[in-house]
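Visitor: Dumping the structure here so I can ask a few things about it.
The values are calculated or read from the model by the stated rules, or taken from the named source; none is laboratory data. What you see is a predicted model; the values in this text were computed from it and never measured. Note that each Cβ is placed from the backbone with ideal geometry, even for glycine, and that neighbours are counted across all protein chains shown.
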């Protein structure tokens, strides 16, 4: 049992926008090298949770700690610099900049001495991106864009990676190749928090999972436990 | 808490209307009788400025097309009046009215050209027009050129006042009607999202041009009155850009896009301005500049939004009944002859520069069929929908809807004929209520003659009835997709095109949508085409499945055969397990 | 010979126009701020330069870097004060920025009138000309055109080749994506606006060398800048540069044959003509 702080710890997080409160007191933990899935129906709060951790939404109350350091309420670019990588839903690429530019921009947060090596490793991980180095991001296909978004986030040398619904809008074949990158991340000690709408997909890639319903964690357990739990399915069906 | 005033009958409204009329009548009558000449002139100035403000609000506030050149019509009205008074035996008030008519005609010609532009370009174009007109009139000898013209000096201050009051009242009345009418709803929809509005059947160009023409008459009448009142005009005063500035400031301060805003803003700022000028002459422009800045930063909705906070002057919910009626579903009917397929696409090709997005795609959708269209990202699915609905013109090929060639019809016309689509990312109109979003579509669809009942029925069917009066901003994301779907149904379409409608939906929401899709044939929808990635959700609902790959159709068969076709599996589903 | 003369004059004038337009392209295209006060910054800088060189007999080219820096500073103060809080309004921000800068324009023009008066001024600098190949080139025009084009080119290179420039472009293309790379998007907005104002001020210094300027010229210059962008394509640096040069040539020709008034309305006539002929070019840039 390690006495170190977990990679990511969220306590009693309350957040929303305008008059809507979406997160009603979320608590979860993520350890280094773990892949943890956040599951739940649309509108349950998965994306809001990830965006709040990334600093794009200010929490109303509660704590967010990265390896023990509090990051709740900080400006999003500072949260990135602290070590939270974010692959947003909708990818948010820079359409008129090239693939290489994306690597360069992500690399701003990587220590200069490691930058070149990291870039080569990532090009090896995503060979199709290496082929299209000079191509503008806006002209890539959906799957290539998703890979670029992940590569860009990985160039920032994140200690915790937030993956927001990476399968959205992608053909099944492409989704498979995207999820194949997850074990590699685990190997590197990156903690991954994966928000997924698809139950089987999310649990297939994860070690543990949390199920969110109406802004609250209603269930938690290992992937195996959740896969075989009828209540998980019930939550999805709104029962 | 934002609330919308319910459009309902009731004593309250009648009483308010009467007291309003009494107030207006009093003011109108008292001022010329009891006021001094100065007061009368000030009142006349306020009323002509209010007329300008209402004119500007009609185009810039209601449709969102900001114009920085309405002074063009002001000048046209002024010059028309002057020329008519000088060269014809027409009495001055007829000349002024004729100026208004002339401006309307000019707007009818200029509008279709200018209104093709968006945003700043439209504003620029109008500004340029005003500058051009200024130069033209400076060089036109017949109209006095740079020296201007002097009109016969007849003193008719009361006549001018009455005319100005009538014009201002007409402006107010017109705005009040627009804010409650279907036309106004169309304008609001256009302002929110012009493309989505077109997809819901709003004849966008017609709406814009009508608003533009109306917005030209008011400043023209004002210009004519000012010209007559001052007995002198010249290009700098008639095409003075500060008139536009002033108008914009007044409306912005009062509340852009509202009914009371133009009047309140004009009244308050003109009275305040009078006072200010006593102490700080020559700084009028700077004052207005500061007012604009402060208003935008602190109170972008103007005075009316301040009143809203105290529960006053809320906009009505357009065309809303007092209560949501229990409505019957529409009777199925079709315009196509028997045996004619709902949709026939032949050799459809779309090229963007060097990229071929659709390559000779051909397929048929027959009556009663539900087909799904699948394919990898970039395969051309959304391009196909965009071409079918008219957002993108095809490079070549034919599209026949209900036997009719539609490739040349504008988007809104196809929607009105019964081709409805939903968007990948819901494009619901956030500044309106749920009800208004749905009734907007209902008005232009095939149930337009009973739009209110149909809209009520749609809301009930989809499950949005409890929140019918909620502003869309308060809807959680899942409900926005439902609203998008509701709008499609509100058109009472024969062909429904659903673009990734299942994306991001929970199992329960998907079940809801699947249930409605199954019911669609019974509701008079002849055919359904779904673009989908969540294959599991529509495979069992589809009669046929079409697969697109790099713009080409590679499969078109029943789902069982398509999903096991090796070519499809290779291209799209990954290697066989 | 005449055609060549008009061409050279036009291109050199266009060089200054390029800077005027590109500085607005940066502000409008990159940051989405519809800066209706653009011309007033140009005019303030020009009027100040005229006054300064008259008072101190210094060379306007010496004043150029100072004015550029001061303009940058002014922009850096105005952005957080007036524009940054509009960002929260999302889609409406463009309309609101139009309104705010509209108001700002009138405040600044009024200020210019109060401080510098309403007279037209110009600078009698480098009045000499030289002739090469049958074409008479005014030195002042040459300096203005070359410096204008050079500064615009530096901007373009800076944006596309330097890490900071790319960060700026990234911030304009996706704020969420940019913050995930640790880019302080708020600061990028500030720098873009400040840089745009600084370059516009520099354009003012150059312009007053060749054209008489007064406080009331501000609006025409703003319009000119927007028209060039509209013709060249929002966010398209090469297109805007070409449009600026072409407009300079067109004005030179029209001014010669039809006089000053025609020259002044030419931008509008061209805009309206283009709009009528090719409306799809003017659909809102994505």
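Visitor: For residue C:183, indicate whether it is part of a loop (DSSP other than H, G, I, E, B), crowded, with 23+ Cβ neighbours inside 10 Å and either facing another protein chain (nearest Cβ under 10 Å) or in contact with a helix residue (DSSP H, G or I) (Cβ under 9 Å, 6 or more places away or on another chain) (or both). Spell out the reasoning first.
Guide: On the way: part of a loop (DSSP other than H, G, I, E, B): yes; crowded, with 23+ Cβ neighbours inside 10 Å: yes; either facing another protein chain (nearest Cβ under 10 Å) or in contact with a helix residue (DSSP H, G or I) (Cβ under 9 Å, 6 or more places away or on another chain) (or both): yes.
Answer is yes for this residue.
Visitor: Could I ask something else about it? Give me the residue from segment C:4-30 that is more than 19 Å from residue C:142 (Cβ to Cβ) and more than 14 Å from chain B (Cβ to nearest Cβ) and, out of that set, surrounded by the fewest Cβ atoms within 10 Å (Cβ to Cβ). Steps first, please.
Guide: In the first step, residues of segment C:4-30 are kept if they are more than 19 Å from residue C:142 (Cβ to Cβ); the result is C:21-30.
Add one more test, that the residue is more than 14 Å from chain B (Cβ to nearest Cβ), and what stays is C:22-23, C:26, C:30.
Numbers: C:22: 31, C:23: 28, C:26: 28, C:30: 22.
Selected residue: C:30.
Visitor: If you check C:126, C:142, C:96, C:159, which single one turns out to be part of a loop (DSSP other than H, G, I, E, B) and surrounded by 14 or more Cβ atoms within 10 Å (Cβ to Cβ)? Working first, answer last.
Guide: Values: C:142 fails: part of a loop (DSSP other than H, G, I, E, B); C:96 fails: part of a loop (DSSP other than H, G, I, E, B); C:159 fails: part of a loop (DSSP other than H, G, I, E, B).
Just one listed residue meets the conditions, C:126.
Visitor: Of these, B:124, B:133, which one is surrounded by 22 or more Cβ atoms within 10 Å (Cβ to Cβ), more than 27 Å from the chain's Cα centre (by Cα), within 11 Å of chain C (Cβ to nearest Cβ) and in a helix (DSSP H, G or I)?
Guide: Numbers: B:124 fails: more than 27 Å from the chain's Cα centre (by Cα).
Being surrounded by 22 or more Cβ atoms within 10 Å (Cβ to Cβ), more than 27 Å from the chain's Cα centre (by Cα), within 11 Å of chain C (Cβ to nearest Cβ) and in a helix (DSSP H, G or I) holds for just one of B:124, B:133, which is B:133.
Visitor: With respect to residue C:238, is the statement that it is crowded, with 24+ Cβ neighbours inside 10 Å and more than 14 Å from chain B (Cβ to nearest Cβ) true? Steps first, answer last, please.
Guide: Numbers: crowded, with 24+ Cβ neighbours inside 10 Å: no; more than 14 Å from chain B (Cβ to nearest Cβ): yes.
No; evaluated as a whole, the condition is false for this residue.
Visitor: Filter segment B:444-456 for residues that are in a helix (DSSP H, G or I) and closer than 16 Å to residue B:325 by Cβ and give the result.
Guide: B:449, B:450, B:451, B:452, B:453, B:454, B:455, B:456
Visitor: Moving on. Output yes when any residue across segment B:373-392 is under 30 Å from the mean Cα position of the chain (by Cα) and either without any contact (Cβ under 8 Å) to a residue 12 or more places away in the chain or outside the structural domain of residue B:463 (by TED's automatic domain parsing) (or both), and no when none is.
Guide: Looking through segment B:373-392, at least one residue is under 30 Å from the mean Cα position of the chain (by Cα) and either without any contact (Cβ under 8 Å) to a residue 12 or more places away in the chain or outside the structural domain of residue B:463 (by TED's automatic domain parsing) (or both).
Visitor: Check whether at least one residue in segment A:212-225 is within 14 Å of chain B (Cβ to nearest Cβ), out of contact with any strand residue (DSSP E or B) (no Cβ under 9 Å at 6 or more places or on another chain) and at pLDDT below 85, and report yes or no.
Guide: No, every residue in segment A:212-225 fails to be within 14 Å of chain B (Cβ to nearest Cβ), out of contact with any strand residue (DSSP E or B) (no Cβ under 9 Å at 6 or more places or on another chain) and at pLDDT below 85.
Visitor: Return the total of residues in segment A:191-202 being crowded, with 23+ Cβ neighbours inside 10 Å and more than 12 Å from residue A:178 (Cβ to Cβ).
Guide: Residues flagged as crowded, with 23+ Cβ neighbours inside 10 Å and more than 12 Å from residue A:178 (Cβ to Cβ) within segment A:191-202 amount to 6.
Visitor: All but one of (1) at pLDDT below 90; (2) assigned to a strand (DSSP E or B); (3) surrounded by fewer than 19 Cβ atoms within 10 Å (Cβ to Cβ) hold for residue A:33; which doesn't?
Guide: (2)
Visitor: Another question about this same structure. Taking only pairs six or more apart or across chains, which ones have beta-carbon atoms under 7 Å, a first residue in segment C:167-180 that is farther than 12 Å from residue C:30 by Cβ and facing another protein chain (nearest Cβ under 7 Å), and a second residue that is part of a helix (DSSP H, G or I) and modelled with pLDDT of 90 or more?
Guide: C:177/C:170; C:179/A:76; C:179/A:77; C:179/A:80; C:179/C:185; C:180/A:80; C:180/A:153
Visitor: Moving on. Can you spot a residue in segment B:417-430 that is modelled with pLDDT of 85 or more, closer than 30 Å to residue B:536 by Cβ and in a helix (DSSP H, G or I)?
Guide: No: segment B:417-430 contains no residue that is modelled with pLDDT of 85 or more, closer than 30 Å to residue B:536 by Cβ and in a helix (DSSP H, G or I).
Visitor: A follow-up question, please. Out of C:87, C:135, C:107, C:100, I need the residue that is in contact (Cβ under 8 Å) with a residue 40 or more places away in the chain and within 25 Å of residue B:292 (Cβ to Cβ). Which one? Can you show your working first?
Guide: Details: C:135 fails: within 25 Å of residue B:292 (Cβ to Cβ); C:107 fails: in contact (Cβ under 8 Å) with a residue 40 or more places away in the chain; C:100 fails: in contact (Cβ under 8 Å) with a residue 40 or more places away in the chain.
Answer to the selection: C:87.
Visitor: Only one residue in B:101, B:174 is in a helix (DSSP H, G or I), more than 14 Å from every other protein chain (Cβ to nearest Cβ) and more than 30 Å from residue B:319 (Cα to Cα). Which one? Walk me through how you get there before you give the answer.
Guide: Values: B:174 fails: more than 30 Å from residue B:319 (Cα to Cα).
Result of the check over B:101, B:174: B:101.
Visitor: Hey, any hits in segment A:89-103 for a residue that's assigned to a loop (DSSP other than H, G, I, E, B), touching a residue at least 12 places away in the same chain (Cβ under 8 Å), under 12 Å from residue A:8 (Cβ atoms) and touching a strand residue (DSSP E or B) at 6+ places or on another chain (Cβ under 6 Å)?
Guide: Checked segment A:89-103: no residue is assigned to a loop (DSSP other than H, G, I, E, B), touching a residue at least 12 places away in the same chain (Cβ under 8 Å), under 12 Å from residue A:8 (Cβ atoms) and touching a strand residue (DSSP E or B) at 6+ places or on another chain (Cβ under 6 Å).
Visitor: Quick check on this structure: which one of B:521, B:493, B:466, B:471 is modelled with pLDDT under 85 and in the same structural domain as residue B:386 (by TED's automatic domain parsing)? Quick ask: steps written out before the conclusion?
Guide: Values: B:493 fails: modelled with pLDDT under 85; B:466 fails: modelled with pLDDT under 85; B:471 fails: modelled with pLDDT under 85.
Of B:521, B:493, B:466, B:471, the one residue that is modelled with pLDDT under 85 and in the same structural domain as residue B:386 (by TED's automatic domain parsing) is B:521.
Visitor: For residues that are in a helix (DSSP H, G or I) and in contact (Cβ under 8 Å) with a residue 60 or more places away in the chain, scanning just segment B:457-472, find the one that is farthest from residue B:517 (Cα to Cα). Outline the logic, then answer.
Guide: So the first thing to find is which residues in segment B:457-472 are in a helix (DSSP H, G or I), and the list is B:457-462, B:465-467, B:472.
From what's left, in contact (Cβ under 8 Å) with a residue 60 or more places away in the chain: B:457, B:459-461, B:465.
Details: B:457: 16, B:459: 15, B:460: 15, B:461: 12, B:465: 19 Å.
Here the residue is B:465.
Visitor: Hey, residue A:16 hits all of (1) at pLDDT below 90; (2) part of a strand (DSSP E or B); (3) buried (at least 24 other Cβ atoms within 10 Å of the Cβ) but one; which does it fall short on?
Guide: (3)
Visitor: Count, please, the residues in segment B:319-346 that happen to be over 30 Å from residue B:401 (Cβ atoms) and surrounded by 15 or more Cβ atoms within 10 Å (Cβ to Cβ).
Guide: If we filter segment B:319-346 for residues that are over 30 Å from residue B:401 (Cβ atoms), which is where we start, we get B:320-326.
Filter once more, so that each one left must be surrounded by 15 or more Cβ atoms within 10 Å (Cβ to Cβ): B:320-321, B:324.
Here the count works out to 3.
A quick yes/no check of all residues on (1) modelled with pLDDT of 90 or more; (2) surrounded by fewer than 23 Cβ atoms within 10 Å (Cβ to Cβ); (3) more than 20 Å from residue C:165 (Cβ to Cβ); (4) more than 14 Å from chain B (Cβ to nearest Cβ):
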| position | (1), (2), (3), (4) |
| --- | --- |
| A:78 | yes, yes, yes, yes |
| A:90 | no, yes, yes, no |
| A:100 | yes, yes, no, yes |
| A:108 | yes, yes, no, yes |
| A:137 | yes, no, no, no |
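Visitor: So, one more: Residue C:221 fails exactly one of the following numbered conditions: (1) without any contact (Cβ under 8 Å) to a residue 60 or more places away in the chain; (2) within 14 Å of chain B (Cβ to nearest Cβ). What is the number of that condition?
Guide: Unmet for residue C:221, out of (1) without any contact (Cβ under 8 Å) to a residue 60 or more places away in the chain; (2) within 14 Å of chain B (Cβ to nearest Cβ): (1).
Visitor: So in segment B:104-121, with the set limited to residues that are surrounded by fewer than 17 Cβ atoms within 10 Å (Cβ to Cβ) and within 14 Å of chain C (Cβ to nearest Cβ), which one is farthest from the chain's Cα centre (by Cα)?
Guide: B:109
Visitor: Suppose we filter A:177, A:167, A:141 for residues that are in contact with a strand residue (DSSP E or B) (Cβ under 8 Å, 6 or more places away or on another chain), under 30 Å from residue B:355 (Cβ atoms), surrounded by fewer than 24 Cβ atoms within 10 Å (Cβ to Cβ) and within 14 Å of chain B (Cβ to nearest Cβ); which single one remains? I'd like the intermediate steps shown before the answer.
Guide: Values: A:177 fails: in contact with a strand residue (DSSP E or B) (Cβ under 8 Å, 6 or more places away or on another chain); A:141 fails: in contact with a strand residue (DSSP E or B) (Cβ under 8 Å, 6 or more places away or on another chain).
The match here is A:167.
Visitor: Any residue at all in segment C:255-263 that is touching a helix residue (DSSP H, G or I) at 6+ places or on another chain (Cβ under 9 Å), more than 10 Å from chain B (Cβ to nearest Cβ), in contact (Cβ under 8 Å) with a residue 60 or more places away in the chain and surrounded by fewer than 23 Cβ atoms within 10 Å (Cβ to Cβ)?
Guide: yes
Visitor: Tally time: how many residues in segment A:60-70 are closer than 25 Å to residue A:105 by Cβ and surrounded by fewer than 20 Cβ atoms within 10 Å (Cβ to Cβ)?
Guide: Initially, segment A:60-70 is screened for residues closer than 25 Å to residue A:105 by Cβ, giving A:64, A:66-67, A:69.
Filter again for surrounded by fewer than 20 Cβ atoms within 10 Å (Cβ to Cβ), leaving A:67, A:69.
Selection size over segment A:60-70: 2.
Visitor: Further question: Quick check: is even one residue across segment B:59-66 touching a helix residue (DSSP H, G or I) at 6+ places or on another chain (Cβ under 6 Å), on the phi > 0 side of the Ramachandran plot and assigned to a loop (DSSP other than H, G, I, E, B)?
Guide: Step one: list which residues in segment B:59-66 are touching a helix residue (DSSP H, G or I) at 6+ places or on another chain (Cβ under 6 Å), which gives B:59, B:62-66.
Subsequent filtering for residues that are on the phi > 0 side of the Ramachandran plot retains B:64.
This time we only want the ones that are assigned to a loop (DSSP other than H, G, I, E, B), so: B:64.
Scanning segment B:59-66, I find at least one residue that is touching a helix residue (DSSP H, G or I) at 6+ places or on another chain (Cβ under 6 Å), on the phi > 0 side of the Ramachandran plot and assigned to a loop (DSSP other than H, G, I, E, B), so the answer is yes.
Visitor: Residue B:223: over 21 Å from residue C:106 (Cβ atoms) and either surrounded by 17 or more Cβ atoms within 10 Å (Cβ to Cβ) or in contact (Cβ under 8 Å) with a residue 60 or more places away in the chain (or both), yes or no? Spell out how you get there, then give the answer.
Guide: On the way: over 21 Å from residue C:106 (Cβ atoms): yes; either surrounded by 17 or more Cβ atoms within 10 Å (Cβ to Cβ) or in contact (Cβ under 8 Å) with a residue 60 or more places away in the chain (or both): yes.
Yes, satisfied.
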